[in-house]
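See below for the structure under consideration.
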Amino acid sequence: MPDEKQLAKYREDIKFSATLCGQTLQFRSTWGIFSPREIDAGTQLLMQYIEVKPDDNCLDLGCGYGPIGLTLAKLAARGQTLLLDKDFMAVEYSTKNARLNRLDNATAMLSNGFQHIDKNLRFNIVASNVPAKVGKEMMSLMLYDAWQHLEDGGKIYLVTVNGLRQYMKRNLSEIFGNYRKLKQGKAYTVHMAQKQ
């Protein structure tokens, strides 16, 4: 059994910095949040393919401690970025990391998918590192709600495990009327669709 010292160490914030899209950010995370010690490979791949303009309004769906959303907030400094997660610890750490990196245009909030946000909010970009086990019902809601919340011409960027590749192609094509596979790596695929 771990001693008190070891347990106290486990309770401390995990601290690291990472560079995505040429932007270096400081992160704090904790055990129990996805990939707490480093940016996972799926997120790294996704961020190589996202195109962001300085005044874009962005949404990070399932933000964890914020690597995607906070990078978007830094790139779209004249826009607003909303980070959503259904895990209160993820929201707490995204908020902490937004302050740590002085990103006043980033806000994190608790929401199950798009369920708890204002129906009238619109975004130029929706991005997500989609959890593989989210379930097809929730996935359908997420994709349809993303379409609803995108401005005309807005884009959704997703990274999934390769096993969901055909599912994403089929469902994004059905909802958005278009689909592009931006990159297929060894384990992950980056998908994009545009609201027309």
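No lab work stands behind these numbers, since they all come straight from the coordinates. Remember, it's a predicted structure, so these values are computed and weren't measured experimentally. Virtual Cβ from ideal backbone geometry, glycine too; neighbours counted across all protein chains shown.
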key: 3J(HN,Hα) from dihedral phi, the stretch 145-162, Karplus parametrisation 6.51/-1.76/1.60, rounded to Hz, x for glycine, proline   = 5, 4, 4, 4, 8, 8, 5, 4, x, x, 10, 10, 10, 10, 10, 9, 5, 4
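Exactly which trypsin sites (Lys or Arg not before Pro) in the stretch 62-94 are in a DSSP loop and have at most 11 other Cβ atoms within 10 Å? Write out the running numbers ahead of the final one.
On the way: sites: Lys74, Arg78, Lys86; in loops: Arg78, Lys86.
Those satisfying the criteria are Arg78.
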note = Within the stretch 89-142, DSSP-loop trypsin sites (Lys or Arg not before Pro) with at most 15 other C-beta atoms within 10 Å are Arg102, Lys119, Arg122, Lys133
ask   = With a sphere of radius 9 Å drawn around the Cβ of Asp13, what net charge do the other residues whose Cβ falls strictly inside it have (Lys, Arg +1; Asp, Glu -1)?
value = +3
Mean-position separation - Cα centroids, the stretch 142-167 and the stretch 58-137, in angstrom = 15 Å
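Dipole of the stretch 110-180, Cα-centred, from +1 at each Lys and Arg C-beta and -1 at each Asp and Glu C-beta, to the nearest 20 debye? Kindly include the intermediate steps, with their values, before the conclusion.
Values: 9 positive and 6 negative charges, 67 e Å.
So the dipole magnitude of the stretch 110-180 works out to roughly 320 debye.
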key: Expected 222 nm ellipticity per residue - DSSP helices of 4 or more, -39500 (n - 2.57), all of the chain, to 500   = -9500 deg cm²/dmol
query = How would you classify the stretch 43-157 from its alpha-carbon gyration tensor, with a ≥ b ≥ c the square roots of the eigenvalues: rounded for a/c under 1.5, else prolate if a/b is greater than b/c, otherwise oblate?
reply = rounded
key: Under Karplus coefficients 6.51, -1.76 and 1.60, residue-wise ³J(HN,Hα) of the stretch 61-68 in Hz, glycine/proline x   = 9, x, 6, x, 8, x, x, 6
request  = Please give the contour-minus-distance gain from Asp152 to Arg11: 0.36 nm per residue of separation, less the Cα-Cα distance, rounded to one decimal in nm.
outcome  = 46.3 nm
ask   = Of the residues Leu141, Leu45, Leu158, which exhibits the maximal mean-square fluctuation in a Gaussian network model of the chain defined by a 10 Å Cα contact cut-off?
value = Leu141
query = With +1 on each Lys and Arg Cβ and -1 on each Asp and Glu Cβ, how big is the dipole of the stretch 4-194 about its Cα centre, in debye rounded to the nearest 20?
reply = 520 debye
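Below 8 Å, C-alpha to C-alpha, sequence gap of six or more: please give me the relative contact order for the chain in percent. The partial results should precede the final answer.
Working: 391 pairs, mean separation 32.7, N = 196.
Value for the chain: 17 percent.
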